[in-house]
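Working notes for the structure below.
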Ligand SMILES: [Zn+2]
């Protein structure tokens, strides 16, 4: 069996608290890690590929919408969520099947090159099915079959279609049925999704507090989002009433299943802390938040208080690229006190845990095959990335 040994100035395994200086990772020909050597001897170093920079495990992109890849550079920035939804609906279907397919294909290649190994990917329909079937990059997809429906009367029909879609996707990869958001799913549909999830141990993902007026809609059907939705003939009477989006999640959705709360742009730490449980994950997608709302979640506050944080890119409709390194650069730019080591865990192991794939992905340790990337132009003095940092896939 052919072995490979790789090393760099530092190896950030994520398993260890501190990076391993000149650490060596020994792998078999399939990329499975055989040994991780701390403090290697000069003899061991002699037969090793050495890279300038730091080695990190493959990234997990915990939130994306591959099916929107054809909308890159098609929508305006800073229009707020309502403006974004309006533009998205207007242009989403003005593209041919092959244009959509080619855009998704390119997005997968770009994610692969950006060191991403696994994706929690929202699928509203079958648009991304063909590429996921044919893709040979090895990228792992967990497909979140996302449903929305404002009327109790449609709930069973919507759920039936979601189950059909989930069965199709589950032939290729793991998948689960999830609600779009607290403000777009009727009481009855939410119950059906929650029951399905309990029965099938499905991972749940939900967009949470992405815009400010989400809470006032949930509380008393007032505010910008409520007005926007009712002007577009959506019935708001069948939505679940609660004090806030988080309150609704607490009462109706949270269970023993994994739950990924995505965005949390306008969430308060006190409120979210009430949800802190082993199975609850916060997913931040800072670049998309800046694109749509020009606002960021209080990531620095959550960093100190909330254990399970993951990172996502959202879609190319609201992001220039699907790169977890770019998301980390944005975080460092706005929250320079956040440690790289901590953020790296969000970008790798936490996402792998959230998607139930940490037996293979998320950290550099014996027995896993997480893929390994090199971050070049690393700021060694401050042990963090800089705006100039680049990523290159090594394994
Ligand atoms: Zn999203």
Item to complete: Hey, for a label at residue 133 modelled as a point 7 Å past Cα toward Cβ, could you say which residues of segment 164-189 have their backbone N under 20 Å away?
Response: 164-176
Worksheet item: Which angle between 0 and 90 degrees, to the nearest 10, do you get for helix 324-334 versus the longest principal axis of the chain when only C-alpha atoms count?
Response: 80 degrees
Worksheet entry | Paramagnetic label zone (point 7 Å from Cα along Cα-to-C-beta, residue 380; backbone N under 14 Å) in segment 24-58 | 51-55
Worksheet item: Given a Förster radius of 56 Å and the C-beta distance between residue 227 and residue 366 as r, what FRET efficiency does 1/(1 + (r/R0)^6) yield to the nearest 0.05?
Response: 0.50
Worksheet item: In 20 Å bins starting at 0, how do the alpha-carbon pair distances of the chain split up by percent?
Response: 28, 57, 14, 1
Worksheet item: Remind me, relative contact order of segment 59-354 in percent, using alpha carbon pairs under 8 angstrom and six or more residues apart?
Response: 23 percent
Practice prompt. Run the quick spin-label model on residue 393 and residue 93: label points 7 Å from Cα toward the beta carbon, then report their separation in nm to one decimal.
Written response: 3.4 nm
Discussion item. Using only DSSP helix segments of four residues or longer, with each worth -39500 (n - 2.57), what per-residue ellipticity at 222 nm results for the chain after dividing by its residue count and rounding to 500?
Written reply: -9500 deg cm²/dmol
Worksheet item: Using a basic spin-label model with each label point 7 Å from the Cα along Cα→Cβ, how many nm lie between residue 2 and residue 153?
Response: 6.5 nm
Discussion item. As I understand it, the value is the acute angle between the Cα axis of helix 97-113 and the longest principal axis of the Cα atoms of the chain; what does it come to in degrees, rounded to 10?
Written reply: 40 degrees
Worksheet entry | Estimated distance in nm for a label pair at residue 171 and residue 113, the labels positioned 7 Å out from Cα along Cα-to-Cβ | 3.2 nm
Practice prompt. Enter the Cα centre distance for the pair segment 43-69 and segment 297-369, rounded to the nearest angstrom.
Written response: 13 Å
Worksheet item: Taking the Cα atoms only, what angle lies between the long axis of helix 80-91 and the longest principal axis of the chain, rounded to 10 degrees?
Response: 90 degrees
Item to complete: Could you grab the relative contact order for segment 173-274? Cα pairs under 8 Å, six or more apart, rounded to a whole percent.
Response: 35 percent
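Give me Rg/Rg_expected for segment 268-370, where Rg uses Cα atoms only and Rg_expected = 2.2 N^0.38 Å with N residues.
Values: Rg = 13.8 Å, N = 103, 2.2 N^0.38 = 12.8 Å.
So the Cα radius of gyration is 1.08 times the expected 2.2 N^0.38 Å.
Any read-out appearing in this document is the output of simple, stated calculations on the displayed coordinates, not a laboratory observation. Treat the numbers as computed from the prediction; the structure is a model and nothing was measured. Cβ coordinates were reconstructed from backbone atoms using ideal geometry, including for glycine residues, and neighbour counts include every protein chain displayed.
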